[in-house]
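The values are calculated or read from the model by the stated rules, or taken from the named source; none is laboratory data. For clarity, every value in this text was computed on a predicted model and none was experimentally measured. We place every Cβ from the backbone using ideal geometry, glycine too, and count neighbours over all the protein chains shown. Heads up: the accessible areas ignore ligands, DNA and RNA and are worked out on the full protein's heavy atoms, side chains in. Shrake-Rupley method; radii C 1.70, N 1.55, O 1.52, S 1.80 Å.
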Amino acid sequence: MNERERQLIASVQQRIEKMRNQVQRDPYRLHYHLMPPVGLLNDPNGFVQFHGEFHIFYQWNPFETTHGAKFWGHYVSADFVAWKEQPIALAPAEDYERNGCYSGSAVEHLGKLYLFYTGNVKKGTKRETYQCLAVSEDGIHFEKKGPVIDLPEGFTAHFRDPKVWKRGNTWYMVIGAQDKQEQGCVVMYSSADLYNWKYEKILVGSMRNGLGEFGYMWECPDLFSINGEEVLIFSPQGIEPKGTYYQNVFQSGYVLGNLDYEQLQFEHGAFAELDRGFDFYAPQTTEDNQGRRILVAWMGITDEQEQLQPTIKNGWVHALTIPREIQLRGNKIYQQPVQELKKLRGHEVAYAGITINHETKTFAGISGAALELVIDNMETHEVEEFSITCRNHVEIVYRKEQHHLTLRRRTFDNQKWEERVCAIDNLRKLQIFLDVSSIEIFVNDGEEVFTARFFPDPKIRRLFLRIREVFLLIYKNGLCKQAEEMNKLHG
Ligand code: FRU
């Protein structure tokens, strides 16, 4: 560790100490999501299972609640429920990463953990970018090996976020990029040893592979196979809203197809969004030792409301989503909360065969800030219209005739309602994770997901339901128990 790194880490520790109480007392602190101990969190990075445990790193500006020279923060868990905060994994101490250790990924090789990330350098209005490597024996302390890839010809310096995987004896890497025509794309490299990388080609891009015009920059690519097909996840920037699609400032989604590894030719279908809510960006996946493909995303986005979040006055902003197992059914990715999260369930409240006819109801036991709500068997009861109002700040409305599910929330400054709409043919089931200031709604076992932050009056904890004949099941308190544990870990 060089002197600059030592100083940086020491000043982060001071900052955490100074802000700890204020951050922990913030009424919008989440109970079972990963957050920064102080400052701003964005993308999940280096998501990997290493020696049996799950490691999640994250983009982190510990000093401010704006974007800046990012560090890699680090959490580890055996079960996605109890997380332990680890020492800073990467601090932007070297010249080739002076303005941030930007996003990247992790792979295990012969018992060691390899992190690939982007060294971001700004010189006046100019930007430099290096794809860098850091290696660890214990998964906690990393030795920087420096840049392994310089910017190739034909691209602007918006060239970042390496994601690495192995197939046969070859390592592959995808990188998010912008070509000289200012079109977003994904570039592919290969390597035999993780140190020497060969530029292969532009795999997919805007104005390529029949996609048409599709954004000026693609961030955070991730390529993997599932059921014998390849999925390429990426976060394109510069896509115009279209009907109910692409409503957020930037998108995150995937294309599905077949990658011919001989020719490195990727034939794929249309782009589909992964989430239909307000706050979801830069997802990253890993495969665990049971063969599950698990996804985590940043539960935030750099939109015009980002800096209006009320947590900022207490020195922190943003969180990661809960981990979700993804599956391919037909041509569509389904997302479901990893089953380990059932451990969070505590006291259960169940209602069966409820009929509410043109009225609004609350139910005993169905209230609180951190809970999981399951509403099932909806198709058998001919639900025509249904809505849930959560803590007076979020509303979920389903209108069967229009085949629409709508998520409404109050904006962060003037409390006006804004909405996201998604077509749902037949609403059968809602599984909702509420966590103080976040909501994740899994529709029909993950056919669609809506993710959003919201900031209700902490005193209002009630949920109102307007429904006809549904079955309700709610789990609570367990989450609050977990909250104490999480606070201790963070403290
Ligand atoms: C996505 C992103 C990445 C970049 C990182 C910087 O949110 O812009 O492309 O590596 O954030 O924090």
Legend entry - Selection count where residues are assigned to a strand (DSSP E or B), surrounded by fewer than 24 Cβ atoms within 10 Å (Cβ to Cβ) and either within 12 Å of the ligand (Cβ to nearest atom) or free of Cβ contacts under 8 Å to residues at least 40 places away in the same chain (or both), scope region 157-169: 2
Inset, instruction - Please verify whether region 420-430 includes one or more residues that are of a type in the set (Lys, Arg), open to solvent by 10 Å² or more (accessible area, probe 1.4 Å), at pLDDT 90 or above and over 21 Å from residue 324 (Cβ atoms). - result: no
Inset, instruction - With respect to residue 147, determine if the residue is touching a helix residue (DSSP H, G or I) at 6+ places or on another chain (Cβ under 7 Å) and either modelled with pLDDT of 95 or more or open to solvent by less than 40 Å² (accessible area, probe 1.4 Å) (or both). - result: yes
Inset, instruction - Taking residue 49 as the residue in question, decide whether it is away from the ligand (no atom under 16 Å from the Cβ) and of a type in the set (S, T, N, Q). - result: yes
Legend entry - Identity of the residue in region 201-242, assigned to a loop (DSSP other than H, G, I, E, B) and among the aromatic types (Phe, Trp, Tyr), that ends up nearest to residue 176 (Cα to Cα): 216
Inset, instruction - Identify the residue in region 83-116 that is farther than 16 Å from residue 57 by Cα and of a type in the set (A, V, I, L, M) and, among all such residues, is surrounded by the most Cβ atoms within 10 Å (Cβ to Cβ). - result: 93
Inset, instruction - Please determine, by comparing only the residues of region 117-140 that are assigned to a loop (DSSP other than H, G, I, E, B) and in contact (Cβ under 8 Å) with a residue 60 or more places away in the chain, which one is least open to solvent (accessible area, probe 1.4 Å). - result: 139
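For (1) buried (at least 24 other Cβ atoms within 10 Å of the Cβ); (2) closer than 16 Å to residue 233 by Cβ; (3) touching a residue at least 12 places away in the same chain (Cβ under 8 Å), each residue gets a yes or a no:
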residue	(1), (2), (3)
297	yes, yes, yes
303	no, no, yes
310	no, no, yes
319	yes, no, yes
329	no, no, no
Inset, instruction - Find all pairs meeting these conditions: Cβ atoms under 7 angstrom apart; at least six residues apart or on different chains; first residue within region 405-416 and open to solvent by 70 Å² or more (accessible area, probe 1.4 Å); second residue aliphatic (A, V, I, L, M). - result: 413/308
Inset, instruction - Answer with yes or no whether residue 175 is modelled with pLDDT of 95 or more, in contact with a strand residue (DSSP E or B) (Cβ under 9 Å, 6 or more places away or on another chain) and open to solvent by 20 Å² or more (accessible area, probe 1.4 Å). - result: no
Inset, instruction - Please tell me if residue 43 is open to solvent by 10 Å² or more (accessible area, probe 1.4 Å) and within 16 Å of the ligand (Cβ to nearest atom). - result: yes
Inset, instruction - Could you please let me know if residue 147 is assigned to a strand (DSSP E or B) and within 13 Å of the ligand (Cβ to nearest atom)? - result: no
Inset, instruction - Mind listing whichever residues of region 253-268 are surrounded by fewer than 12 Cβ atoms within 10 Å (Cβ to Cβ) and either within 15 Å of residue 239 (Cα to Cα) or out of contact with any Phe, Trp or Tyr (no Cβ under 9 Å at 6 or more places or on another chain) (or both)? - result: 262, 263
Legend entry - residue 55 vs. criteria more than 12 Å from the ligand (Cβ to nearest atom), closer than 25 Å to residue 439 by Cα, assigned by TED's automatic domain parsing to the domain that holds residue 319 and assigned to a strand (DSSP E or B): yes
Inset, instruction - For residues that are touching a residue at least 12 places away in the same chain (Cβ under 8 Å), away from the ligand (no atom under 16 Å from the Cβ) and open to solvent by 10 Å² or more (accessible area, probe 1.4 Å), tally how many sit in region 226-252. - result: 8
